[in-house]
C-alpha cells in the first residue's frame, strides 16, 4: 500500500509537473502570440499610416504639378502678353504709317479725277491717259498699304492668341521684316533715346516654308528684342565711339548631310554674352536683366519652339563685341 | 524752291510727287528725296546750298531726324537751310528737343498737305 502510495504519489507528481509545464507552455505560447500579434498589428498600423501619408504626399505632389503646369502656361501667356505690350506702340506706329498713305493717296486720286473731268471736257486724250495711269498706280499703293495694315493687325491678333499649333506655308522673310519693324518702333516708343541701325539681308530665293507662324514669329521677335536690348545697354554704358547695329539675315543652305535648310540669324554689336552665362541662357527663368525686367522665359521658349520644328537654335558670341543667334529650320 | 524730303518710307516720294505735281510741272518747286539721315547728309554735301528747305521725319532707323537736324544746323551756318520736322509722335519731348536744336517748324503725321503747302508758300 505504502509502495503503491509511493508509486501513486510519484505518478501524481509527474502528472502534476507535466500538466503544469503544459499550462506554462500554453500560457507562454498565448503570451507569445498575443505579443507578436500586437507587434504585427502595430507594424501593420504603422505601414498603413505610412501608406496613407505617401498617398497624401502623392496627391499633394500631383496637385503641385498640376498647379505648376497651370502656372507655366500662365507664365508663357503672360510672357506673350508682355511682349505684346512692348509691341503695342510699334503696332500703333506701323498701322498709322500705312493709314496715312491710304488717306493721302485716296485724296490725291480725288483731285486727279476732278482734273480728269476738266480734261474730258477739253477732249485732251493724252492728258486723260496719263491721269488714268497715275490713278491706277495710286490705287495700287492704297491697296498695298491697306494690306500692310491688315497684316500687322492679323499678326498682332495671332501673337496674342494661344497657338493653334497648325503649320502653314510662311514667308520667313516677310515675317522677319515685319517683326523687325514692329520691335524697333515698340522699343523706341519705350525709350525715346534709343536708336540703332537696322540691316537686313534676306535671301529672296527662299520660298514659303511650313511652320507654326505665330510661334516662329515669337522666336524672331524675341531674338530681335534681345538684340535691341543688348545694343541699348552698350550705348548706355557710354562707350565711344559706338554705333548700334542690328542685323537680320536669311539664307538657303545645304546641311552637311545634304538636306536643304533655312538659316535665320539675328546679330547685334552689343556686349555679347559672358562665358559664365552662356550655358544657362536657354534655361527657363535665367535672365541677365535686372529683377522685374525679364521673365527669363524668352530664350528657353524660343529654344523649345525651334526644337519642336525639328530645327536648331545656336549662339555665337564674343564678349564685348557681338552676339549672333542662328536658327536653322529644315525645309 | 528746292526741297529735300527725308523719310524712311519710300512711298513718301511718290506721294509728294503727286501731291505737288502742279508745282513740279510749273517748276515752282523741285524735290529731292533721301531715305535716311545718312543719305540726307550725303546729299547736302554733294549739293551744298541747293536745298532751301529740308522736311525730315524724326523716327528713322540709324540717324534720327533730330540728330540730322542738329548736324545740319551746326554745319551749314551761312545761311542754314530751313528744317521742318514731321513726326508721328507729336509729344512734348520730341517737340522741345526739335525746337532746342533749331527746327523751324514742327508738323505731326498724318501730314495735311494743304497746310504744308500754305507753310511752304510762306517761306
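A few points about this structure:
- Spin-label pair residue A:279/residue A:210, simplified geometry with 7 Å Cα→Cβ offset, distance in nm: 3.8
- Given R0 = 25 Å, the distance between the Cβ atoms of residue A:72 and residue A:286 translates into a calculated FRET efficiency of 0.95.
- For region A:211-258, the Rg and Dmax computed from alpha carbons only, in angstrom: 15.5, 46
- Helix-only mean residue ellipticity at 222 nm for chain B, each DSSP H run of n ≥ 4 adding -39500 (n - 2.57), per residue, nearest 500: -12500 deg cm²/dmol
- Shielding by partners for peptide A:92-105, expressed as the average number of C-beta atoms from other protein chains within 10 Å of each residue's C-beta, is 4.
- Take the Cα of residue B:1, step 7 Å toward its Cβ, do the same at residue B:92, and the gap between the two points is 3.1 nm.
- In a fully extended conformation the segment linking residue A:37 and residue A:321 would gain 94.5 nm over its present Cα-Cα distance, using 0.36 nm per residue.
- Taking A:93, A:39 and counting other C-beta atoms within 10 Å, the order from fewest to most: A:39, A:93
- Gain on full stretching of the segment that runs from residue A:124 to residue A:52 - 0.36 nm per residue minus C-alpha separation: 16.1 nm
- Using a Förster distance of 51 Å, the FRET efficiency for residue A:103-residue A:59 (Cβ separation, nearest 0.05): 0.25
- With all pairs of separate Cα atoms included, chain B yields a Kirkwood hydrodynamic radius of 14.4 Å.
- Its Cα gyration tensor gives the protein assembly as shown an equivalent ellipsoid; the semi-axes, largest first and in whole Å, are 82, 25, 20.
- For region A:1-131, convex hull volume per residue from C-alpha positions, Å³: 144
- The Kirkwood hydrodynamic radius of region A:89-209, based on inverse pair distances between different Cα atoms, is 17.5 Å.
- Between 0 and 90°, nearest 10: helix A:2-122 axis offset from chain A longest Cα axis: 0
Every read-out reported here was derived from the displayed coordinates using simple, explicitly stated rules and does not represent laboratory data. Everything numeric in this text was worked out from a predicted model, so none of it was measured. Glycine also receives a Cβ, built like all others from the backbone with ideal geometry; neighbour counts cover every protein chain displayed.
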